[in-house]
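**Student:** Quick one: the structure is below, and I'll ask about it shortly.
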Amino acid sequence: MEPTLQEYKETVLTRFKELEESERATLQGLRGTPEGRVLGKVLGDELEDLVFMLGRQPRPKVAPKRGLATR
């Protein structure tokens, strides 16, 4: 039995999460580049939401302000 598209997306997302941090950064760095656009064309509209999710840059963690900086 072949997996459904949703099952395939979940498999790809799991694989992405299992990558080393540097490997994830490599994929995320493709966003907006000519290479990334070509990859998006190959993967197609069916995987567009997954490509968007994988390409998101994590938000940097900001330390809470303390002391005089809280003013």
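The values are calculated or read from the model by the stated rules, or taken from the named source; none is laboratory data. Keep in mind it's a predicted model, so treat the numbers as computed, not measured. Every residue, glycine among them, receives a Cβ derived from its backbone with ideal geometry; neighbour counts consider all protein chains shown.
**Student:** Looking at region 43-67 only, could you name the residues that are at pLDDT 75 or above, more than 20 Å from Ala25 (Cα to Cα) and either of a type in the set (Phe, Trp, Tyr) or in a helix (DSSP H, G or I) (or both)?
**Tutor:** Asp45, Glu46
**Student:** In this structure, does Gly32 turn out to be free of Cβ contacts under 8 Å to residues at least 24 places away in the same chain and in a helix (DSSP H, G or I)?
**Tutor:** So Gly32 does not fit the description; no.
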